[in-house]
Amino acid sequence: MLIYVNGQYYSEEEAKVSVLDHGYLYGDGVFEGIRMYSGCIFKLREHIDRLYDSARAIMLRIPMEKSEMESAIVETVRKNGLTDGYIRVVVSRGVGDLGLDPRKCPNPTVVIIADRIKLYPEELYQNGLSIITVPTRRNLPEALNPQIKSLNYLNNILAKIEAIHRGYEEALMLNQEGYVAECTGDNIFMLKGKSLITPPTSVGVLKGITARTVMGIAIDMGLEVREERFTRYDLYTADEVFLTGTAAEIIPVVKVDDRPIGDGRPGPTTWEIIRRFRKITTEDGVKI
Ligand code: PXG
């Protein structure tokens, strides 16, 4: 595997970042996770836009134009001979001294890793996922906005640990007011009749690129799509629930806090959305 580090390519063994990098010392940086399907880097421009927005929000200047970033990503994929896989782009504040002050880090570090992906077992999609509400609340937008895809994922990791300790693979995170926010690396949707509802970003969630794609699919299917605050009561009484994210794509949720959703099996609308999503993954992006 060849890894891009600040404009050069290194083998997996040789690709290194300093321990004085503030990405390592403080989680000071941003990242993106991107999928590639049959030679198509899915929604690449949208991911690059979000990366630059995240960087802007933390006042980190990425030392290359978006077009150069796009070329570097495509080149990394080509060098690794991949047509399907997972791309991780990381931009950190760079090497500085042991203080917080970002002015001590003149050169941001840019890393691009393109690798094969370990897919979730098909069984998970067939049988659906059980999720559980965890005590850790999603970050307050006024403190660290979840719209920033930062290198500081402890909020989500703590929630994941709490779910695992209770015997579940995924956690449902609420915001400070008790509204449903999202899962640790996925957005959440619920279907009520002909309405597909997901929390607005003001609740404190990442603006998911898969979520945006799913909303488009749902509109094409004639569903009414709304971004609206809702509580766990609404989830418990929903017809269908599913999660969306770059890694998982769309995963049906069949139980929330041990309560079966609908008839306790992945619902027909979720299936139709999955079917349509899988069809467009090779069309909607940058071809390599
Ligand atoms: N919420 C959170 C907190 C996320 O981290 C999503 C929602 C879904 O967003 P997208 O744009 O992917 O539909 C995410 C995405 C990883 C990894 O390696 C994490 C994500 C995406 C890809 C890889 O942990 N999180």
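Here are some notes:
- Working note: Debye formula, equal point scatterers on the alpha-carbon atoms of the range 51-207, no solvent; log10 I(q)/I(0) at q = 0.09, 0.18 Å⁻¹ is -0.40, -1.25.
- Here the ratio of the Cα radius of gyration of the chain to 2.2 N^0.38 Å is 1.02.
- Computed over the chain: relative contact order in percent, which uses C-alpha pairs under 8 Å that are six or more apart: 20
- Rounded to the nearest 20 debye, dipole of the range 127-183 from Cβ charges on Lys, Arg, Asp, Glu: 100
- Long-range amide H partners of LEU129 with built H, under 5 Å: VAL253, VAL254, LYS255
- Of all lysines in the structure, the ones whose alpha carbon falls short of 30 Å from that of LYS66, not counting any fewer than 8 places away in one chain, are LYS16, LYS43, LYS79, LYS104, LYS118, LYS149, LYS207, LYS279, LYS287.
- According to the calculation over all Cα-Cα pairs in the range 1-140, the P(r) per 5 Å bin from zero is 2, 9, 17, 18, 17, 15, 11, 8, 3, 1, 0 %.
- Backbone amide hydrogens, once placed in the peptide plane, bring VAL225 within less than 5 Å of LEU196, excluding anything fewer than 5 places away on its chain.
- With DNA, RNA and ligands ignored, accessible area of LYS66 (1.4 Å probe; Å², nearest 10): 90
- Solvent exposure of the chain amounts to 48 Å² per residue of accessible area, where only protein heavy atoms count and the probe is 1.4 Å.
- The chain - mean residue ellipticity at 222 nm from DSSP helices (-39,500 (n - 2.57) per run, n ≥ 4, rounded to 500): -8500 deg cm²/dmol
- Of GLU75, GLU227, GLU13, the residue with the largest accessible area leads and the full order is GLU13, GLU227, GLU75 (1.4 Å probe).
- Per-residue surface analysis assigns CYS105 an accessible area of about 10 Å², computed on protein heavy atoms at 1.4 Å probe radius.
- Exposure rank, largest accessible area first [TYR86, TYR37; 1.4 Å]: TYR86, TYR37
The values are calculated or read from the model by the stated rules, or taken from the named source; none is laboratory data. All of these numbers come straight from a predicted model, not from anything done at the bench. Don't worry about glycine lacking a Cβ; one is built from the backbone with ideal geometry, like all the others, and counts go over all protein chains shown. Quick note on the areas: whole protein, heavy atoms, side chains included, nothing else; ligands and nucleic acids left out. Shrake-Rupley method; radii C 1.70, N 1.55, O 1.52, S 1.80 Å.
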